[in-house]
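The values are calculated or read from the model by the stated rules, or taken from the named source; none is laboratory data. Bear in mind that the values here come from a model prediction, so they are computed numbers and not experimental data. Because the Cβ atoms are built from the backbone with ideal geometry, glycine has one as well, and the counts that use them run over all protein chains shown.
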């Protein structure tokens, strides 16, 4: 007697979470991701179909194989993976599970996915990321990217968060996670900052300007010599 897994027919595609490294094609025209474990050698697009990483000719996912895309049900479980040293520069992905899938206690193994949102962490200096820059490694034809603030780009190949989303297409959203907010120490590329980052920088610069104006007003009350005015 052959046992069959129970079939599910959801009214809407399930949602899952995973981590992956953002990738930029060598010519800079395509954006994608690569996994952190099984299948990490094969970058994939925002909308992609899984294939067997072992080269077998069955459809993924197969019950007798561990091929296919993988994700977990709980966002906090995926976020916890970002704590390890080798995964600090990875992005947190929210994905739509498409096609055939196998449900497990903690997640899915499935045939097709669409990456809806990619949340990137802060720059290595702790500042909110404004761009994704060359991480110093990659795959054939692809550069791995890591979060970077405008001040830490230092001429590296980079793309703004909005630019990466445009290259990925398919409705992808790329957002910056938590980090410190500091004023720019020098000019950065025009496309290196999105509207939220520019708004934060403008608010900080305005606060500094208000402080300087208050100091000038205080000094003016005491006169150029620093003492009080005399009649």
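For the range 161-173, indicate whether the set of residues that are farther than 27 Å from residue 47 by Cβ and either part of a loop (DSSP other than H, G, I, E, B) or at pLDDT below 90 (or both) is non-empty. No, the range 161-173 contains no residue that is farther than 27 Å from residue 47 by Cβ and either part of a loop (DSSP other than H, G, I, E, B) or at pLDDT below 90 (or both). Among residues of the range 106-131 that are without any contact (Cβ under 8 Å) to a residue 60 or more places away in the chain, those with a Cβ under 6 angstrom from a residue that is buried (at least 24 other Cβ atoms within 10 Å of the Cβ) and outside any loop (DSSP other than H, G, I, E, B), sequence gap 6+ or separate chain, pair up as 121/147; 123/147; 123/148; 129/120; 129/147. May I ask you to verify whether residue 116 is in a strand (DSSP E or B), surrounded by fewer than 17 Cβ atoms within 10 Å (Cβ to Cβ) and within 18 Å of the chain's Cα centre (by Cα)? In short, yes.
Determine whether residue 68 is farther than 16 Å from residue 170 by Cβ and either crowded, with 20+ Cβ neighbours inside 10 Å or in contact (Cβ under 8 Å) with a residue 24 or more places away in the chain (or both). Taking the combined requirement at face value, the residue satisfies it.
The conditions are (1) in a loop (DSSP other than H, G, I, E, B); (2) surrounded by fewer than 21 Cβ atoms within 10 Å (Cβ to Cβ); (3) within 16 Å of the chain's Cα centre (by Cα), and residue 154 fails exactly one of them. Which is it? Tallying (1) in a loop (DSSP other than H, G, I, E, B); (2) surrounded by fewer than 21 Cβ atoms within 10 Å (Cβ to Cβ); (3) within 16 Å of the chain's Cα centre (by Cα), residue 154 fails exactly one: (3).
Collect the residues in the range 18-37 that are out of contact with any strand residue (DSSP E or B) (no Cβ under 7 Å at 6 or more places or on another chain) and either surrounded by 15 or more Cβ atoms within 10 Å (Cβ to Cβ) or not in a loop (DSSP other than H, G, I, E, B) (or both), keeping them in residue-number order. Selection gives 30 alone. Summed over the range 174-195, residues that are at pLDDT 95 or above and farther than 20 Å from residue 90 by Cβ total 0. Name every residue in the range 63-94 that is under 18 Å from residue 39 (Cβ atoms), part of a helix (DSSP H, G or I) and out of contact with any strand residue (DSSP E or B) (no Cβ under 9 Å at 6 or more places or on another chain), in order of residue number. Listed by number, the list holds a single entry, 86.
Filtering 111, 133, 129 for residues that are surrounded by 15 or more Cβ atoms within 10 Å (Cβ to Cβ), in a strand (DSSP E or B) and in contact with a helix residue (DSSP H, G or I) (Cβ under 8 Å, 6 or more places away or on another chain) leaves a single hit, 133.
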